[in-house]
Amino acid sequence: MSNGELRTWIEPDHRSISVVRQCALLGLARSSRYYRPRGETAENLALMKQIDALYTERPFYGSRKLSLLLGVNRKRVQRLMRLMGIEAVGPRRRTTRPHPGHRIYPYLLRNLEVLRPDQVWCSDITYIPLKHGFLYLVAVMDWFSRCVLSWRLSNTLEGTFCREALNEALSRAQPEIFNTDQGSQFTSVTFTGRLESCGVSISMDGRGRALDNVFIERLWRSVKYEEVYLREYADGWEAEERLSSYFQFYCEERIHQGLGYQTPAEVYRGKE
């Protein structure tokens, strides 16, 4: 069974077996179930939320401008931005970083007309603040319909949660092209090998190019302003529950002007 399937067996309110022990019995890393908060002070966590909000609104701002706006030391802002996985390389979010030994694939979407569901899928990672910590969110989205096919949360940037999201999406359908940034999570042999074994063409954004994965960037903006910034998740359990409800709303109920005021799910299912 996949780690994602095993995680559904965990009972956070079990009377006699702790979450840590349940993870051990199932062979899961404890970090996969948010077993401890991140080791940042409450003051730094509050500052990270401010950085995230400003960066979502103005992704072209680097540490110098953010430190001036927030009135804090630039080195402190730089350290927190590294921890959050963001930097101003042009207007591009850099939640993931390339691994020097991994192959980089060409960008295949330039001048490509995307005309149908499952022609192009894309994936990316973003930062999600909690009351006493933070998580990383990955999603796989169909480019044509904007439908979110799968997503996962993690409290580390290790690639396992990205592979789990990919496997879930591939259990539903298969794209012709899969586009990501050049982060190590997406350039790893296990991730690219899974796509190649399915005959999927791999496309990767150019360094510092904000528009190469534009639709999933718009998704993150919607997730932040319509859900995350309106709440304060107590922990990973609440974040997972609330985001599950939001993605259900986003795909099944939220109409999009660019889709002729249809929902992503309606457009995606239109292929059938």
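With the crude spin-label approximation of a point 7 Å out along Cα→Cβ, what separation in nm comes out for H132 versus N167?
Modelled inter-label distance: 3.1 nm.
Whole Å is fine, so just give me how far the alpha carbon centre of the range 53-89 lies from that of the range 137-198.
27 Å
Sticking to Cα atoms, compute the Rg of the range 99-197 to one decimal and its Dmax as the biggest Cα-Cα distance, whole number, in Å.
Looking at the range 99-197, its Cα Rg and Dmax stand at 13.8, 44 Å.
Please express the Cα-Cα pair-distance distribution P(r) of the range 166-254 as a list of whole percents, one per 5 Å bin, running from 0 to the bin with the greatest distance.
3, 11, 17, 18, 18, 19, 12, 3, 0
Once the Cβ-Cβ distance between R21 and N111 is put in as r, and R0 is 51 Å, what FRET efficiency do you end up with, to the nearest 0.05?
Numbers: r = 54 Å, r/R0 = 1.06.
Computed FRET efficiency for R21 and N111 comes out at 0.40.
Mind listing the long-range amide H neighbours of I125? Cut-off is under 5 Å, sequence gap 5 or more, other chains count too, H placed in the peptide plane at 1.01 Å from N.
none
No value in this document is a laboratory result; all are computed from the given coordinates. Keep in mind that what you see is a predicted model, and the values were worked out from it rather than measured. With ideal geometry, Cβ positions are generated from the backbone for all residues, glycine too; neighbour counts draw on all protein chains shown.
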